[in-house]
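Novice: The following block contains the structure, expressed as structure tokens.
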Amino acid sequence: MTKLWGGRFQKSAEQWVDEFGASIGFDHQLVMEDLTGSIAHVRMLGDCGILPKADVVAILDGLEQLKEKAANDELVFEIANEDIHLNLEKMLIELIGPVGGKLHTGRSRNDQVATDMHLFLKNRVKEIINSIKTFQKALVTQAEQHVETIAPGYTHLQRAQPISFAHHLMAYFWMLERDQQRLSESLKRIDISPLGAGALAGTTFPIDRKKAANYLGFEQVYANSMDAVSDRDFIVEFLGNASLVMMHLSRFAEEIILWSSQEFQFIELDDAFATGSSIMPQKKNPDMAELIRGKTGRVYGNLFSLLTTLKGLPLTYNKDMQEDKEGMFDTVQTLLGSLKIFEGMVRTMTIHTDRLNEAVHQDFSNATELADYLATKGMPFREAHDVTGKLVFLCIQRGIYLLDLSIGDLKAASDLIDEDVYDVLSPFAAVKRRNSLGGTGFDQVRLQLEKAKALL
């Protein structure tokens, strides 16, 4: 098959070479963006008088037909045509005749593919932001039901202090809020048009790049044609932002996995988000959470792969840059899928409030309350810390907890302790009192929820 660019070549590559060099196996995902970019380009060519009206009408008609076929999944792509651009151009020529060859006037595949990817990411990033917001709503809904559910808070995966379970859930809300802010801000760098930059140096045709950008809904155009065709920063930035989202999901996934274990029993996942064992009938595995945790490494890999590909490239376009797409496509798909799964897991999970309550009454997470109590009575905190630590050790020796100690035991440690200490040591009271800004106190958690709902 004769290549559309094959005029100066005297022989064709063997099929296996074509297969190695072709990108149509993955860049067919840009079909709608490529057609949309072509429609804007030919409209601009007509506006500028570069193509006669009859040619513009014929080409636009052909592109619209191809768009309809693409929507119905009726297009058949061929490896011999290398990529999405040449496949569609060849189809256009077959559909409307030689006039279809005028479509490529004043542009190159270099600015064409860059335009496609800007359009692709612009749409997908908005979709991802909406998915994040849907997940945030699920977090808020669960949190509203568990403001006064007391749970153990951890540092070093050791019981630390009692907290509101809603407070724990809302920590992930704010991580996701920063994630969607970063993605929203990145749209400024995505929403730039490279169309009309040509191969690298612009074109001699009297095109209007701003008009083409307006047709495509871009806010800006690249000021430098070499930068326009070689810039992949916007993809790197997306992959970096996506890696942060996946890291947050992975941390949450780890907690979901722990909480649903027999050892914790804090939650139970809906059957739709768990799987069984082929040999052990009793098993209910948190496989979706585990899979999200695993897919995080995959997204990190896509980021580092593109950074490495770009690291040593001179300006402007190099064939290496064909490797910029698969990781981007994969990351978009992985991120959207992970967010949808996580939203479902959180929305449908059962929270075992009795088990959480039992947990905070069978640990020493209220020890800080006793140290703070002594400090409010005038004892230096470091001394109060020591007194409390010795009482904890006494409890360990006896196999009991701080609330089980008699007033005599407590007074023997310090005569500053009175009967009111038992109210202070109550996990519920301990959480309620932590009312500093951003703290786990119930009033503060409710303020968080109100702020979160206003953001959503």
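Novice: Taking 8 Å as the Cα distance limit and 6 or more residues as the minimum spacing, I'd like the relative contact order of segment 13-105 as a percentage. Working shown, then result.
Specialist: Details: 84 pairs, mean separation 37.4, N = 93.
Once normalised by length, the contact order is 40 percent.
Novice: For a quick check of your reading of the filter: which trypsin sites (Lys or Arg not before Pro) in segment 329-377 sit in a DSSP loop and have no more than 14 other Cβ atoms within 10 Å?
Specialist: Details: sites: K340, R347, R355, K377; in loops: K377.
Here the sparse-neighbourhood loop sites are K377.
Novice: Which one, V236, I150, A166, is farthest towards the positive end of the dipole of the chain when Lys and Arg carry +1 and Asp and Glu -1 on their Cβ?
Specialist: Checked the options; the winner is V236.
Novice: At most 16 other C-beta atoms within 10 Å and a DSSP loop state: those are the exposed GluC sites (Glu not before Pro) I care about. Give me the longest piece of the chain that has none. Each step should come with its number before you reach the end.
Specialist: Numbers: sites that count: E14, E74, E78, E148, E219, E263, E419.
Counting at most 16 other Cβ atoms within 10 Å as exposed, the longest clean stretch of the chain is 264-418.
Novice: If the chain between R251 and D320 were fully stretched, how many nm would it gain, using 0.36 nm times the residue separation less the Cα-Cα distance? Let's see the in-between values first.
Specialist: Working: separation 69, 0.36 × 69 = 24.84 nm, distance 3.39 nm.
Gain on extension, R251 to D320, equals 21.4 nm.
Novice: Another question, if that's okay. Extending each Cα 7 Å along its Cβ direction at Q282 and N224, get the distance between those two points in nm, one decimal.
Specialist: 6.6
Novice: With r as the distance between the Cβ atoms of D270 and L394 and R0 = 60 Å, compute the FRET efficiency 1/(1 + (r/R0)^6) and round to 0.05.
Specialist: Numbers: r = 44 Å, r/R0 = 0.73.
So the FRET efficiency works out to roughly 0.85.
Novice: Under 26 Å from the Cα of K69, which lysines turn up, not counting those fewer than eight places away in the same chain?
Specialist: Straight-line reach from K69, under 26 Å: K3, K53, K90, K102, K122, K126, K325.
Novice: Which distance in nm do the two modelled labels at R178 and H28 give, with both placed 7 Å along the Cα-to-Cβ direction?
Specialist: Each label point is offset 7 Å from its Cα along the Cβ direction, giving 4.1 nm.
Novice: With each run of n ≥ 4 DSSP H residues scored as -39500 (n - 2.57), what mean residue ellipticity at 222 nm is computed for the chain after dividing by its residue count and rounding to the nearest 500 deg cm²/dmol? Working shown, then result.
Specialist: Details: 19 runs with 279 residues, N = 456.
Estimated from H runs of four or more residues: -20000 deg cm²/dmol.
Novice: Just check segment 111-351 against the gyration tensor rule for me: Cα atoms, a ≥ b ≥ c as the square roots of the eigenvalues, rounded for a/c under 1.5, and otherwise prolate or oblate depending on whether a/b exceeds b/c.
Specialist: In terms of gyration-tensor shape, prolate.
Novice: Same structure, new question: Could I have the simple spin-label model distance between T204 and Q145, label points 7 Å from Cα toward Cβ, reported in nm to one decimal?
Specialist: In this crude label model, T204 to Q145 measures out at 7.0 nm.
Novice: Could I ask something else about it? Go through 39-48, 304-313 and give me the packing order, highest mean Cβ count within 10 Å leading. Mind dumping the intermediate values first?
Specialist: Values: 39-48: 21.1, 304-313: 14.1.
The packing order, highest mean first, is 39-48, 304-313.
Novice: On full extension of the chain, what length is gained from T105 through D420, given 0.36 nm per residue of separation minus the C-alpha to C-alpha distance? Before the final figure, lay out the partial values.
Specialist: Numbers: separation 315, 0.36 × 315 = 113.40 nm, distance 8.51 nm.
Gain on extension, T105 to D420, equals 104.9 nm.
Novice: Right, something else. Once you charge only the Cβ atoms, +1 for Lys and Arg and -1 for Asp and Glu, what is the size of the charge dipole of the chain about its Cα centre, to the nearest 20 debye? Before the final figure, lay out the partial values.
Specialist: Working: 48 positive and 63 negative charges, 181 e Å.
The dipole magnitude comes to about 860 debye.
Novice: Between the alpha-carbon centers of segment 117-158 and segment 264-305, tell me the distance in whole angstrom.
Specialist: Centre-to-centre (Cα) distance: 18 Å.
Novice: Counting pairs of alpha carbon atoms under 8 Å apart in space and at least six apart in sequence, what relative contact order in percent does the chain give?
Specialist: Values: 610 pairs, mean separation 75.9, N = 456.
It rounds to 17 percent for the chain.
Novice: Still on this structure: Want the number for L336 to N123: 0.36 nm per residue separation, take away the alpha-carbon distance, what's left? Please report the intermediate quantities before stating the final value.
Specialist: Working: separation 213, 0.36 × 213 = 76.68 nm, distance 1.26 nm.
Fully extending the segment from L336 to N123 adds 75.4 nm.
Novice: Just report the Cα centroid separation between segment 36-115 and segment 390-456, whole Å.
Specialist: Value for the Cα centre distance between the two parts: 69 Å.
Novice: What is the diffusion coefficient of segment 13-105 in µm²/s, taking the Kirkwood radius over Cα pairs and the Stokes-Einstein relation at 20 °C with a viscosity of 1.002 mPa s? Walk me through the intermediate numbers first.
Specialist: On the way: Rh = 13.6 Å.
For these conditions, the coefficient is 157 µm²/s.
Novice: Can you bin every Cα-Cα distance in the chain into 20 Å intervals starting at zero and give me the percent of pairs per bin, rounded to whole numbers?
Specialist: 20, 38, 25, 13, 4, 0
Values in this text are rule-based calculations from the coordinates and carry no lab data. A quick note: this is a predicted structure, and the numbers were derived from the prediction, not measured. We place every Cβ from the backbone using ideal geometry, glycine too, and count neighbours over all the protein chains shown.
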